[in-house]
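Okay, so here's the structure we're looking at.
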Amino acid sequence: MRKKIVAGNWKMNTDLHEGLELAKAVEEASQGKKRDAIVIIAPPFTHLAKISEVISDVKLSAQNCASEESGAFTGEVSPAMLRSSGAEYVIIGHSERRTYYHEENVVLNRKMRLAVSNGLKPVFCCGEMLEEREAGVLFDVIKEQLKVGLDGLSEKDIANVVIAYEPVWAIGTGVTASPDQAQEMHRFIRDVLEELFGHDVAASTTILYGGSCKPSNAKELFSNPDVDGGLIGGASLKAEDFIQIVNAF
C-alpha cells in the first residue's frame, strides 16, 4: 500500500508565534486520530527547531535546501542543518523556486542527492506552466523534470522520495486541475517512474497533487487511483481547513 500524505506548505507566512500556534492546532487535531494519511507541515526555516518541540504525530518538513553541503554560501541552509533542526522531509523544486529563483533541473538534482544522503525525505515537485500545457508539451516537460531531477538516485533512495505534481497554472490562482486532468498526469508520472526505476518502485511511490486543493475539492481529487494526497498551500494556513483536507481520506 502506498503512503497517503497531506502536506501543508506555509510558504513565507506566519511569524514564529503564529507558526507555533498553527502547528499546535494541527497537532491537537491529529492526535489520537486513526487516519490513512500522514500529516506534514512545512513552516519557514526560522520556525523548524521550535515547532519540532510541539509536534509528535505531525511530521516536519523544510520548504527548500541548499545545493551544497557547507561552505561560503551566505543565506543558504544545508540538508544537515535541516535534520539537526528536526525536519524529516524537505520540499525540492517547488514551482516558485523554479520560477522566481531560476532553479534548474540540474541544480535540483544536486539538492535531491544531498537531501537523501543526509537522511531527509524529499518531496520533489514537478509541473507545467499554462503555455506549456496549451502548446501540448506538458508531458515532455514533466518527463524531463523527473528524468534529470531524479538522476543518480537508487531504488533505495527513491523509496524515501515523494513526488508532487503541481500544475503551475493552478497554484494560488483558485483554478484547480479537474480530477480527470490530475489523474491523467499522476498516471503519466507513475509510468515515467516505472520506465526509470521499474514497476515496484512506481507502484509504491506516493504522488501528491498540488494546486488550489481545498476542503471543497479534496475528496474528489483524492478519490483518483493515482492521487495519493496533496501538497497544500493557502488552505494549510488555517488549521480547520487543513484538517478538513486531511479528513478527506
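The values are calculated or read from the model by the stated rules, or taken from the named source; none is laboratory data. It should be emphasised that the depicted structure is a prediction, and the values quoted were computed from it without experimental measurement. Backbone-built Cβ (ideal geometry, glycine too); neighbour counts: all protein chains shown.
When Ala239, Ala248, Ala177 are screened for being modelled with pLDDT of 95 or more and either of a type outside the set (S, T, N, Q) or under 18 Å from Val90 (Cα atoms) (or both), only Ala239 passes. The residue of segment 32-61 that is surrounded by the fewest Cβ atoms within 10 Å (Cβ to Cβ), among those that are closer than 24 Å to Arg2 by Cβ and among the polar types (S, T, N, Q), is Ser56. Looking at segment 95-139, which of the residues that are aromatic (Phe, Trp, Tyr) and not in a loop (DSSP other than H, G, I, E, B) is surrounded by the most Cβ atoms within 10 Å (Cβ to Cβ)? Of everything passing the filter in segment 95-139, Phe124 is surrounded by the most Cβ atoms within 10 Å (Cβ to Cβ).
Within segment 68-95, residues that are without any contact (Cβ under 8 Å) to a residue 24 or more places away in the chain sit with their Cβ atoms under 9 Å from residues that are surrounded by fewer than 17 Cβ atoms within 10 Å (Cβ to Cβ) and in a loop (DSSP other than H, G, I, E, B), at 6+ positions apart or across chains, in these pairs: Glu76/Glu68; Met81/Ser70. Say we look at segment 131-167 and pick out the residues that are among the β-branched types (Val, Ile, Thr) and in contact with an Asp or Glu (Cβ under 7 Å, 6 or more places away or on another chain); which of these is farthest from Ile92 (Cα to Cα)? The qualifying residue farthest from Ile92 (Cα to Cα) is Val141. Here His17 meets each of (1) in a helix (DSSP H, G or I); (2) touching a residue at least 12 places away in the same chain (Cβ under 8 Å) with one exception, condition (2). For segment 62-83, a tally of residues being over 26 Å from Ile207 (Cβ atoms) and surrounded by 15 or more Cβ atoms within 10 Å (Cβ to Cβ) returns 4.
Just one of the numbered conditions (1) within 16 Å of the chain's Cα centre (by Cα); (2) within 22 Å of Glu144 (Cβ to Cβ); (3) assigned to a loop (DSSP other than H, G, I, E, B) is not true of Ala87: (2).
Go through the residues of segment 202-211 one by one and say whether even a single one is crowded, with 18+ Cβ neighbours inside 10 Å, farther than 24 Å from Met129 by Cα and aliphatic (A, V, I, L, M). Yes, that holds for at least one residue. The residues of segment 153-168 that are crowded, with 20+ Cβ neighbours inside 10 Å and either at pLDDT 95 or above or in contact with a helix residue (DSSP H, G or I) (Cβ under 7 Å, 6 or more places away or on another chain) (or both), listed by number, are Leu153, Ile158, Val161, Val162, Ile163, Ala164, Tyr165, Glu166, Val168.
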